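Enquirer: Quick one: the structure is below, questions incoming.
The values are calculated or read from the model by the stated rules, or taken from the named source; none is laboratory data. Just so it is clear, the structure is predicted and the values come from calculations on it, not from any experiment. Ideal geometry is used to build each Cβ from the backbone, glycine not excepted, and the neighbour counts take in all protein chains shown. Ligands, DNA and RNA are stripped out before the accessible areas are found, and what is left, the full protein with its side chains, is counted by its heavy atoms. Shrake-Rupley method; radii C 1.70, N 1.55, O 1.52, S 1.80 Å.
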Amino acid sequence: MTFTVSSQGENPLRPRQERTTTVANRVLSAIDRARDERVGLSLDIHAHPELNFEERHAAAVLTDALERWGFDVERGVGGTETAFRATAGSGSPTVAFLAEYDALPDIGHGCGHNLIALSNVGAGLGARAALPELGGRVEVIGTPAEEGGGGKIRLIEAGVFEHVDVALSSHPSSHLTIINTDPKEPWGLAMIGFRYAFHGRAAHAAMNPHEGVNALNALLRFFSGIDTLRQHLRDDVRIHGVITDGGKAPNVVPDFAAGNFMLRSRDRRYLEEVVEKVRSVAEGSALETGARLEVIPYYPFPTPKGTHAMYEESRPNAVLARVAHDNAARAGLVLHEPPRGPRQSGGASSDLGNVSQLVPTFAVGFAVAEKPTPGHSPAMRDAAATPLAHANAIAVAKTLALVGTDVLADPSLLEQVRSDFHSRSGS
Ligand SMILES: [Zn+2]
């Protein structure tokens, strides 16, 4: 811990070091006290997987618990039924811990968001214990629908993060817990998805094919056109799609064909260019075949205001990363070295990226298993319910709580955090 205690809580009779240790201990023991109850919440959410914007059970059990623990709870914030905000303290600065709790279709909690709920609710509870001494405000913001719904984009649009100074979060991450204290690049890719639908004209495929317009041909042209385009795109671009509709019978010229695509890049401005290039390929495919093109916003869902905003790349913050790194040992969080070898330019995408472009943000990726465990898989789902995963999520809660406490305690630290944030405005 590196924080100093604000003048509000100043007691000249107690040495500063002793006071900081006392506050940190109070934070850590608040997290330990509620440990079993919070592990129970995580397992409950794991056993009741709910999809985008349908996370009613998770939101109910989390808000009930936060209320029981003394937070002021607002349900349905930002006009989103399964979002919430739990507040303790008042004034500024405001440190927000962002909980996620949505699951994936078919797989359930294959992304382990039950653990994100656990670590961030726990972190909020811990940081709250420091408020009598430090002042400021601690929030736990429940952010639904990370898996394609863009829940945080809706909350940003509704102004939920306007007064937030620092946002902290976490994410399960295979078998390694890594905090990069010298991040050079965004840790998540910007991403947006579209459905490209081609409308043709049906005809008998043998008797009068000359009267048909083959929508499937347009879609196949589109796929191969994207592969041609790929040669001339930056290495960090990812374009991946599936065919959802390709005709019903081989003796009928398909009058409708469609595919869902995701487009990603490390740079949201470059991604906008990629979106236009891909659209041109789709238009060319339609022109060649005589089909009519329809491009439908698909991922994330457009907001109630009709905005189809991309998931933005995640802006790192070296100052928050360093403070987290320095607090990890005290929190009992075991850190690993990043794997050696050539850097991979791929990566996942999250609506936490949009928050990170708005306010300084830091998230810990933490191990849920001893062996490599692919994300969005049954193996990850099973790992997300183990004692190892829960022990790590609790250690992450403690780490994040200590980071939040440091920010609340030390205005000069918050200045450093902001200056790092502004220095990366291009990322
Ligand atoms: Zn996830």
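Enquirer: Give region 123-144 a look and list any residue that's of a type in the set (A, V, I, L, M, F, W, C) and open to solvent by 10 Å² or more (accessible area, probe 1.4 Å), or say none. Spell out how you get there, then give the answer.
Expert: Pass one, region 123-144, residues of a type in the set (A, V, I, L, M, F, W, C): 123, 125, 127, 129-131, 134, 138, 140-141.
Selection gives LEU125, ALA129, LEU131.
Enquirer: Also, I was wondering about something else. Does at least one position in region 196-211 carry a residue that is crowded, with 23+ Cβ neighbours inside 10 Å, in contact (Cβ under 8 Å) with a residue 40 or more places away in the chain, away from the ligand (no atom under 15 Å from the Cβ) and of a type outside the set (A, V, I, L, M, F, W, C)?
Expert: Yes, because at least one residue in region 196-211 is crowded, with 23+ Cβ neighbours inside 10 Å, in contact (Cβ under 8 Å) with a residue 40 or more places away in the chain, away from the ligand (no atom under 15 Å from the Cβ) and of a type outside the set (A, V, I, L, M, F, W, C).
Enquirer: In region 156-182, which residues are closer than 16 Å to THR87 by Cα and either aliphatic (A, V, I, L, M) or open to solvent by 40 Å² or more (accessible area, probe 1.4 Å) (or both)?
Expert: VAL160, GLU162, HIS163, VAL164, VAL166, ALA167, LEU168
Enquirer: Can you name the residue in region 79-102 that is among the small types (Gly, Ala, Ser) and under 16 Å from LEU352 (Cα atoms) and, of all such residues, is nearest to the ligand (Cβ to nearest atom)?
Expert: Keep residues of region 79-102 that are among the small types (Gly, Ala, Ser), which gives 79, 83, 86, 88-92, 96, 99.
Going one step further and asking which of them are under 16 Å from LEU352 (Cα atoms), we end up with 83, 96, 99.
Values: ALA83: 17, ALA96: 18, ALA99: 12 Å.
Across region 79-102, the extreme among qualifying residues is ALA99.
Enquirer: Do we find a residue being in contact (Cβ under 8 Å) with a residue 12 or more places away in the chain, under 14 Å from the mean Cα position of the chain (by Cα) and on the phi < 0 side of the Ramachandran plot anywhere in region 48-69?
Expert: First, the residues of region 48-69 that are in contact (Cβ under 8 Å) with a residue 12 or more places away in the chain: 49-59, 61-63, 65-67, 69.
If we keep only those that are under 14 Å from the mean Cα position of the chain (by Cα) as well, we get 52.
Of the ones still in play, those that are also on the phi < 0 side of the Ramachandran plot are 52.
Yes: one or more hits.
Enquirer: Further question on the same structure: What number goes with the only condition from (1) farther than 30 Å from GLY148 by Cβ; (2) in a helix (DSSP H, G or I) that LEU335 does not pass?
Expert: Single failed check for LEU335: (2).
Enquirer: Within 16 Å of the ligand (Cβ to nearest atom), touching a residue at least 60 places away in the same chain (Cβ under 8 Å), of a type in the set (D, E, K, R) and surrounded by fewer than 24 Cβ atoms within 10 Å (Cβ to Cβ): which single residue out of GLU185, GLU147 fits that description? Steps first, answer last, please.
Expert: Details: GLU185 fails: within 16 Å of the ligand (Cβ to nearest atom).
Residue meeting the stated conditions: GLU147.
Enquirer: Additional query: Looking only at region 48-77, count how many residues are hydrophobic (A, V, I, L, M, F, W, C) and in a helix (DSSP H, G or I).
Expert: Matching residues across region 48-77 total 8.
Enquirer: Taking region 107-121 only, how many residues are within 10 Å of the ligand (Cβ to nearest atom), of a type in the set (A, V, I, L, M) and open to solvent by 10 Å² or more (accessible area, probe 1.4 Å)?
Expert: Of the residues in that region, 0 qualify.
Enquirer: For region 318-326, indicate whether the set of residues that are on the phi < 0 side of the Ramachandran plot and either outside any helix (DSSP H, G or I) or without any contact (Cβ under 8 Å) to a residue 60 or more places away in the chain (or both) is non-empty.
Expert: no
Enquirer: Still on this structure, please answer the following. Can you pull out the residues in region 114-161 that are under 17 Å from SER356 (Cα atoms) and hydroxyl-bearing (Ser, Thr, Tyr)?
Expert: THR143
Enquirer: Please work out if VAL281 is surrounded by fewer than 17 Cβ atoms within 10 Å (Cβ to Cβ) and modelled with pLDDT of 95 or more.
Expert: no
Enquirer: Take GLY375 and tell me if it is within 15 Å of the ligand (Cβ to nearest atom), under 19 Å from the mean Cα position of the chain (by Cα) and surrounded by fewer than 24 Cβ atoms within 10 Å (Cβ to Cβ).
Expert: yes
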